[in-house]
1. Compute the acute angle (0 to 90°) between the alpha-carbon long axis of helix 341-357 and the principal axis of greatest extent of the alpha-carbon atoms of the chain; round to the nearest 10°.
2. Roughly how many percent of the accessible protein surface of the range 288-353 is carbon and sulfur, given a 1.4 Å probe and a whole-percent answer?
3. With a 1.4 Å probe and every protein chain kept in, tell me what percent of the accessible surface of the range 61-121 is carbon plus sulfur.
4. With every protein chain left in place, what is the accessible area per residue of the range 238-362 in square angstrom, probe 1.4 Å?
5. What is the distance, in nm, between label points placed 7 Å from the Cα along the Cα-to-Cβ direction at residue 222 and at residue 178?
6. For the chain, which semi-axes, largest first and in whole Å, follow from the square roots of 5 times the eigenvalues of its Cα gyration tensor?
7. To test your reading of the geometry: what angle, between 0 and 90 degrees and rounded to tens, separates the Cα axis of helix 152-208 from the longest principal axis of the chain?
8. If each of residue 298 and residue 170 carries a label point 7 Å out from its Cα toward its Cβ, how far apart are those two points in nm?
Amino acid sequence: MFMHIPPPTPRQSYWNRVLLNTFWMVLLVYLASQLFISLSMWGHRPEFTDTQYFVTHVFIPDSVILILILTLEAIYRWRPVFSEFSIVVASHIYAILIITNLSTEYEVKPLIMLLPLLVSMIYLKSSYMKASSLICLLYTVMLFMNTPVYEYTLRIQHIMIALIFAGTSLAGFGVIGRGRDLMRSLQDSVKAEQDLRIQNIIMDRLSKIDPLTDLYNHKTFHEYLGWLIDHQQNNPFPMQLAVLDIDNFKKVNDQYGHWVGDIVLKQVASVVLKHIGTDDFAARYGGEEFVVILTAKQLKEAQEIMERILTGIAGMPIEEMNGGSVTVSIGMHEFSVSDTKSYTFQQADDALYEAKKTGKNKIVLK
């Protein structure tokens with residue numbers, strides 16, 4: 001059974017790329033320094049021919065390092081989930097290859113083993129730092145054991161290098177711990193911000209939506225109608241306002257109870273939503289009264305939509321009313337550019353009053 005390794009995040013990929021670029025730069029600097037030394041000492045190595053020295057100390061080790069980096073590039077591109085681990089392992093190999101090839105005259109060359117410690121520190125993972133610290137410890141022990149007893153100065157240098165490794169490791173663990181604290185703090189801040197955003201969305205919805213019917217409320221209707229009328233000044237388009245009122249709703253509450261009245265309101269709202277389009281607007285104006293704004297439709301099409309709502313409500317059996325149904329009266333007004341918001345609503349409301357007065361369960365256009 002294989003363990004699933006999640007793909008790297010964009011930030012992890014970014015740092016993988018940064019470290020790979022660093023490896024390339026180190027190789028270029030290392031190669032430039034080798035070429036400078038090789039050319040400056042050309043003809044002054046009796047134990048080697050110049051060609052032998054160039055092949056042994058420049059071409060071969062640099063080719064190995066180049067192959068190592070190209071392998072990391074291939075992993076980064078085609079197996080990114082293993083890129084981070086591969087870079088950490090390769091940083092040790094990289095450092096050892098450089099140290100092995102450098103002359104013993106460079107007494108500070110063991111400090112190149114700081115490279116894997118710094119790489120582990122960048123990834124903020126204590127497991128990498130522990131492994132790198134252990135490898136550095138084994139390396140310094142090996143150096144110390146291979147140094148003759150009489151080489152006191154060299155042994156002291158190795159002890160100082162070991163102390164530098166130890167100090168870097170301790171600093172690395174401190175950086176990792178501090179980095180984790182900052183990440184947790186950032187995550188908490190992001191979560192708090194997300195929670196606040198969700199609460200604001202919920203509060204915004206509650207301020208605009210009628211909780212019983214899930215239609216918009218009275219306040220939102222007036223805001224939206226005002227916005228549409230203002231918009232008409234620059235970009236006129238067909239618009240009709242319809243006001244609906246459930247007929248004899250008080251009798252429903254008196255005979256069946258207010259809980260049944262709530263069910264009726266919900267079902268009437270569902271019929272309205274079923275027949276209007278995505279560009280239209282429906283709200284519960286208050287009590288048993290609803291409003292519908294129809295846009296981008298000719299008057300005949302708007303009337304047909306309201307007719308379907310009228311017949312749909314009248315033909316809808318309500319189980320809680322023993323299979324009975326309710327009807328609605330509808331007043332409509334087609335907006336013209338000269339109309340104000342109050343005039344538009346007043347005309348539709350007057351048409352509704354006329355529909356109620358002349359028999360109910362009908363549409364009156366005014």
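The values are calculated or read from the model by the stated rules, or taken from the named source; none is laboratory data. Given the structure is predicted, the values throughout are model-derived calculations rather than measurements. Cβ atoms come from the backbone with ideal geometry, glycine included; neighbour counts cover every protein chain shown. The area values use the complete protein model at the heavy-atom level, side chains included, leaving out ligands, DNA and RNA. Shrake-Rupley method; radii C 1.70, N 1.55, O 1.52, S 1.80 Å.
1. Taking Cα atoms only, the helix is inclined about 50 degrees.
2. Carbon plus sulfur share of accessible area: 48 percent.
3. On the way: 2170 of 3000 Å².
Carbon and sulfur: 72 percent of the exposed surface of the range 61-121.
4. Details: 5800 Å² over 125 residues.
Per-residue value: 46 Å².
5. 5.8 nm
6. Details: eigenvalues 1446, 112, 58 Å².
After scaling each eigenvalue by five and taking roots: 85, 24, 17 Å.
7. 0 degrees
8. 8.8 nm
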